[in-house]
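The values are calculated or read from the model by the stated rules, or taken from the named source; none is laboratory data. This is a predicted model, so every value here is computed, not measured. Cβ coordinates were reconstructed from backbone atoms using ideal geometry, including for glycine residues, and neighbour counts include every protein chain displayed.
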Amino acid sequence: MYIAMVSAECAPIAKAGGLGDFVQGLSRELAVRGNAVDVFLPYYALSRLESVAGLREIDPNLRVPFHDQWLSCRVLGGAMDGVNCLFIDPRSPHGFFQRGRIYGEPDDPERFAFFSRAVLEFLLQSGRRPDILHCNDWHTGLIPVLLYEVYEALGLTRTRVCYTLHNLGYQGQVDESILRQAGLDPRRLLVADRLLDPRDGRVANLLKGGIVYANFVNTVSPRYAWEIQDTDQGMGLQPLLKTHAHKFGGVLNGIDSLVWNPAVDPLIPVNYGVNSLPRKAANRQALRTRLGLREVEKPILAIVSRLDFQKGVELMLHGIRYALAHDSQVVLLGAALDPVIAARFARLKEETDPNPDCHLELGYDETLAHLIYAGADLILIPSLYEPCGLAQMIAMKYGVVPIVRRVGGLADTVFDANYSDKPFEIRNGYLFDDLTEAGLEGAMSRALGLWWRFPEYFRQLRVNGMRADFSWSLPAQQYLDIYAHLCKQEPT
């Protein structure tokens, strides 16, 4: 099967969050299983290309209709971990991807609309005919629209679209001019059952367009799929998702078992596994030395997260204070884009810097993240909503017991030590429901109490988490089953 994976991110080339990990992990697993996989990415000025072998020019002058003219761009290609990567590099005064970041530009809608059109134009002109176009988030929401409004009639007739929603908090609400620039008719599309935004009848919603036009739509955990249909986490798209429920589902993400595996991880001082768990202690000591924490018999509570509203920053702040007040050490690794949130954590860092039991690292350091997972005992993830979440799965693979709010993928992967209906050998953490300090404290109290009073039971929770299979093996097979189903559909 030939699969074209289209995304704004792919780790480690261009990564802002979990989307990059998703594209890398799934694409590699699909390729390992014998499928032909092309990953299409913008050619960002900040792209890390050292992991791409044989980078070369595939098409020196791809001409793409946009803005009532033809814009020229290059297409470059290379291989990463057995996966073919293709980069769209516009040669125009707009400098669409020659910026210092992936997202956050005022012309983001225009940048990614051009990228979407360019991918389809390249497929058309090069004669490539993927069985599946796998699109991701609002940045590629125009691709299924363009495929069936424009490119199917030009020859892309057998390609089917799987569209994955990673976070409904970002929907791509854009002015109708973006549709015109991409060669679409706003009068035809700005209607309730197509792209008209359900909350603002003056704009187009690119995520909605992808949902309407794709052949199958999924999100990144079964629980989140239910939540966005039946709770306010649907953020205005609940009726639309209900309408398209016949082609909608949830597939839980995996983690890259080559990158996140304490038995072979080159970024931690001492490797260990289920049968050599005492060796984890050396990493705990190394973490304390690296971050200036005192060597003392206390549990280490970690937070490795973006610091934003979705991640539950109010409960993070409370959890840090609660842990320190209850004879624990705390390490945090994370950064905030919101200046108000950044200022609050900066104040807390200043307050806690003299404390030998606390270290806040306000930024992101991949090597330090590995060391934190290897050295910590507990991880706190108090998200308001969480489509899937990778931190809890990575943490458990490293023998770290998660304390999480029962939402999205957190609820699909963490099973409460006390209250789960799962067998004990599957229970692996602590959950709470209420978005309150009392709810958080209840879960933290149970987790810390087990660490102090029943160390053998705590060790068993570690082992249970380490034994769980969070690899891409099962999710990849589920996607292949979806693709096979779509390939059997009759042409529209």
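How about the range 454-482: which of its residues are part of a loop (DSSP other than H, G, I, E, B) and of a type in the set (D, E, K, R)?
Of all residues in the range 454-482, those part of a loop (DSSP other than H, G, I, E, B) come to 454, 468-472.
If the condition is that a residue be part of a loop (DSSP other than H, G, I, E, B) and of a type in the set (D, E, K, R), then D469 is the only one that fits.
Among (1) within 27 Å of F345 (Cα to Cα); (2) touching a residue at least 40 places away in the same chain (Cβ under 8 Å), where does D256 come up short?
So the condition that D256 fails would be (1).
May I ask you to say which residue of L30, L26 is over 28 Å from G95 (Cβ atoms), surrounded by 20 or more Cβ atoms within 10 Å (Cβ to Cβ), under 14 Å from the mean Cα position of the chain (by Cα) and at pLDDT 95 or above?
Numbers: L30 fails: under 14 Å from the mean Cα position of the chain (by Cα).
Sole residue among the options that is over 28 Å from G95 (Cβ atoms), surrounded by 20 or more Cβ atoms within 10 Å (Cβ to Cβ), under 14 Å from the mean Cα position of the chain (by Cα) and at pLDDT 95 or above: L26.
Considering only the range 229-247, I want to know if a residue exists there that is surrounded by 21 or more Cβ atoms within 10 Å (Cβ to Cβ), farther than 23 Å from L26 by Cβ and either under 18 Å from the mean Cα position of the chain (by Cα) or of a type in the set (F, W, Y) (or both).
No, the range 229-247 has no match at all.
Condition first: surrounded by fewer than 24 Cβ atoms within 10 Å (Cβ to Cβ) and either more than 16 Å from the chain's Cα centre (by Cα) or part of a loop (DSSP other than H, G, I, E, B) (or both). Now tell me which residues in the range 400-416 satisfy that. It would help to see each step written out before you state the result.
Step one: of the range 400-416, the residues surrounded by fewer than 24 Cβ atoms within 10 Å (Cβ to Cβ) are 406, 411-412, 415-416.
Selection gives R406, A411, F415, D416.
Is the range 112-135 home to any residue that is surrounded by 14 or more Cβ atoms within 10 Å (Cβ to Cβ), assigned by TED's automatic domain parsing to the domain that holds Y483, out of contact with any helix residue (DSSP H, G or I) (no Cβ under 9 Å at 6 or more places or on another chain) and charged (D, E, K, R)?
So far as the range 112-135 goes, no, none of its residues is surrounded by 14 or more Cβ atoms within 10 Å (Cβ to Cβ), assigned by TED's automatic domain parsing to the domain that holds Y483, out of contact with any helix residue (DSSP H, G or I) (no Cβ under 9 Å at 6 or more places or on another chain) and charged (D, E, K, R).
Go over the candidates V145, V161, V212 one by one and state the one that is touching a Leu at 6+ places or on another chain (Cβ under 8 Å), assigned to a strand (DSSP E or B) and either in contact (Cβ under 8 Å) with a residue 24 or more places away in the chain or in the same structural domain as R117 (by TED's automatic domain parsing) (or both). Please lay out each step first, then the result.
Numbers: V145 fails: assigned to a strand (DSSP E or B); V212 fails: assigned to a strand (DSSP E or B).
Answer to the check: V161.
Answer yes or no: is there a residue in the range 178-194 that is of a type in the set (V, I, T), under 18 Å from the mean Cα position of the chain (by Cα) and surrounded by fewer than 24 Cβ atoms within 10 Å (Cβ to Cβ).
Within the range 178-194, the subset of a type in the set (V, I, T) is 178, 191.
From what's left, under 18 Å from the mean Cα position of the chain (by Cα): none.
Looking for residues that are of a type in the set (V, I, T), under 18 Å from the mean Cα position of the chain (by Cα) and surrounded by fewer than 24 Cβ atoms within 10 Å (Cβ to Cβ), one finds none in the range 178-194, hence no.
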